[in-house]
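The values are calculated or read from the model by the stated rules, or taken from the named source; none is laboratory data. In this text the structure is predicted, and so the values were computed from the model without any measurement. Positions of Cβ are generated from backbone atoms using ideal geometry, with glycine treated the same way; all protein chains shown enter the neighbour counts. SASA here: full protein model, heavy atoms, side chains in, ligands and nucleic acids out. Shrake-Rupley method; radii C 1.70, N 1.55, O 1.52, S 1.80 Å.
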Amino acid sequence: SLMGQLIEALQQGDIRRVGQITTQNFRGPIQTIIPWATNRYTETLISAVLAEFGDKFWGFWMLGGMSGGGMGFIVDPSVKAQAQASLQRLMDDARKQLQDALPFAMRPVVYDFAINERGTWAELHASATDLMPVNYYALHMPALLRADHRTLNQTRRTELDRFGVACLTNPTLARVVPRLFDQMLPHATAPATQTGQLHELLHMHGFDRELHEQIRSDVRMGRIGLMQNRLPANSTITDVYADDVFDATRSLSAEYAALGEAAIRAGEVAVVTLAGGAGSRWTQGAGVVKALHPFAKFAGRHRTFIDVHIAKSRRIARLYDAPPIHIFTTSFLTNAPLTRAYEAHRVHEKPWGYNGEIILSQGKSVGLRMIPTARDLRFLWEEMPHQVLDEQAQKMRESVHAALISWAQHQGESADYTDNLPHQCMHPIGHWFEFANMLRNGVLADVLHRYPHLKYLLMHNVDTLGATLDPAVLGYHIQRGDAVTFEVTSRRIDDRGGGLARVDDQLRLVEGLALPRAETEFALSYYNTLTNWITLDDILDVFGLTRTDVISQHDNVQQAVRTMANRMPTYVTIKDVKKRWGNGQEDIYPVMQFEKLWGDMSMIPELRTGFMQVARTRGQQLKDQAQLDGWLRDGSAQKISSLCDWIDK
């Protein structure tokens, strides 16, 4: 066994052999049992160390943490000092390269361990003038100074007294006092320069002041809000009929496949991948770009979500000798990182080595957060379900809620939230605007001008990995003649967020936010994947536009987007936002934002809409890393890989 070999190598003092065994253990058993024990950062670092030190790099040792949380590099003792210096540089380079793709809790550091032959020991300093280290006081004093003096025990009171005397007499503590003020007193926020940056960013990313003021007016008048997100309580919401959904999970006819293949070969279809999200659920709140996250290994390398989608288009190009246009939509959160990745991943001047055209559609819609209303805060905390805490904790929570409601009233309900860093004041306003952005930013105008034969779009989320240009599915959409065909899957217990239903006997997609009762969702048979096929001329007609309007960027394009946006439901949500100040201090405030969702297009009466059921592997969305184990075991990963043509770079 490897353990026996390791013990034997240690007994013989053969450290080079130890390195070989720990590397073998990492490459074999560890990754077989836990595939996520490594990631692109770890693999990049191992490759860089091997390239720099060659045969003097003796082995890799995965320590207690996983995926870069703790690891050891075993090298020839003759290059130890050089390796310590080089490793820090290599780690910093790898972190910089992957800073938009992977979450880093801290700057990676090289630890220099030594054996302490004496063990744990301490010396007692009994003099009244003896003090703890300066950093101790900077860390602990703010909490003690804020506390009621009567609640402190005698030891803490004595410590405060000695500290106060020392600040007056000991020069070494002189620099502590300014640090205490930094931590205890908030700095002025939102200076003129910061406010100016916010306005510049809003303008850059297409902030619509008219829409914003309309939202504010609707909030103040009570037309929209947390309670108003829901459909009326007397709405009749039932499951769909058997013939409402076309079953595309069985083999589709050759007629459909031939029709779709002809459209692909003629260049009549493009792929639109929605990549505006920061993947906060995926990385537990870290500010990375989900599209750039190297989430799993395919063909021996960690691949990103973008890698997978381009590899699928690469396969379509090979099969049908017609590389489809692939558009990735961005937002104010993802545009800069995706633009950097676009330039960095050129292979022979082709981004990501793709022979077709890859286009980034810059987000031209952004929202400005607002102070929530007391009405919405009370509804959130008093009407919506919450875990009940023990008596004292519940009193504390209610006290905090009362203070935050008072804060909202003092700041001005539904006033603009600008008292923070610019990016903390802005928010994405929903994937309904992704198609509208292509109208507003000129991308669709440019594409239609250069590719006048383009007729159809496949639009899907970046985390819907199985969505691909299936010619038979496309052929069904073409033959049916709908403006939009939505793909749905059979609901599973963990599918949350709404689905396909009959609302007052109208067949439509309904969001989880809009359901009057949460249990209604479990009675719906189908879950919305948000993958949809769009017939361009038909959707433009619903917007009141023509191809000529779009290509010429006529003035009515902006108004058409605003008019249609006003017809869509507006969902209000409350988000907690951190406000950092002083020296490592932070407060958390609730703020209000809104969103409009593409699935609600299914409720527009003049829009011809169809629905088809697709296989789970085609419609499955990866929203949380906890899904990866099951996704790997049930064959989904292998199915996705079979849809792709991979390249090494």
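Observations, loosely collected:
- Pairing each residue of the range 337-349 that is surrounded by 12 or more Cβ atoms within 10 Å (Cβ to Cβ) with any residue that is among the basic types (Lys, Arg), provided the two are 6+ apart or on different chains, yields C-beta distances under 9 Å for His345/Lys649; Val347/Lys649.
- Matching residues, the range 496-517, being without any contact (Cβ under 8 Å) to a residue 40 or more places away in the chain and either of a type in the set (A, V, I, L, M, F, W, C) or crowded, with 20+ Cβ neighbours inside 10 Å (or both): Gly499
- If only residues of the range 160-173 that are within 14 Å of Ala138 (Cα to Cα) and open to solvent by less than 60 Å² (accessible area, probe 1.4 Å) are counted, the one that is modelled with the lowest pLDDT is Leu173.
- Tabulated pairs, the range 375-387, first in contact (Cβ under 8 Å) with a residue 12 or more places away in the chain, second of a type in the set (S, T, N, Q) and open to solvent by less than 90 Å² (accessible area, probe 1.4 Å), C-beta under 8 angstrom, 6+ apart or interchain: none
- As a summary of the residue check, Gln558 satisfies the conditions (1) touching a Lys or Arg at 6+ places or on another chain (Cβ under 9 Å); (2) open to solvent by less than 10 Å² (accessible area, probe 1.4 Å) except for the one numbered (2).
- Flag if Glu398 is at pLDDT below 95, under 26 Å from Ala317 (Cα atoms), open to solvent by 40 Å² or more (accessible area, probe 1.4 Å) and among the acidic types (Asp, Glu): no
- Any hit, the range 243-257, residues being in contact (Cβ under 8 Å) with a residue 12 or more places away in the chain, open to solvent by 60 Å² or more (accessible area, probe 1.4 Å) and within 22 Å of Asp100 (Cβ to Cβ): no
- Only a single item in (1) touching a helix residue (DSSP H, G or I) at 6+ places or on another chain (Cβ under 7 Å); (2) surrounded by 18 or more Cβ atoms within 10 Å (Cβ to Cβ); (3) outside any helix (DSSP H, G or I) is not met by Leu377, and it is number (3).
- 3 or more residues within 33 Å of the chain's Cα centre (by Cα): qualifying helices (runs of 4 or more DSSP H) within the range 9-109: 40-53, 80-97
- Helices (runs of 4 or more DSSP H) lying entirely in the range 590-642 (those with 2 or more residues that are among the acidic types (Asp, Glu) and surrounded by 20 or more Cβ atoms within 10 Å (Cβ to Cβ)): none
- Residue list for the range 304-324, restricted to those being surrounded by fewer than 21 Cβ atoms within 10 Å (Cβ to Cβ) and assigned to a loop (DSSP other than H, G, I, E, B): Asp321, Ala322, Pro323
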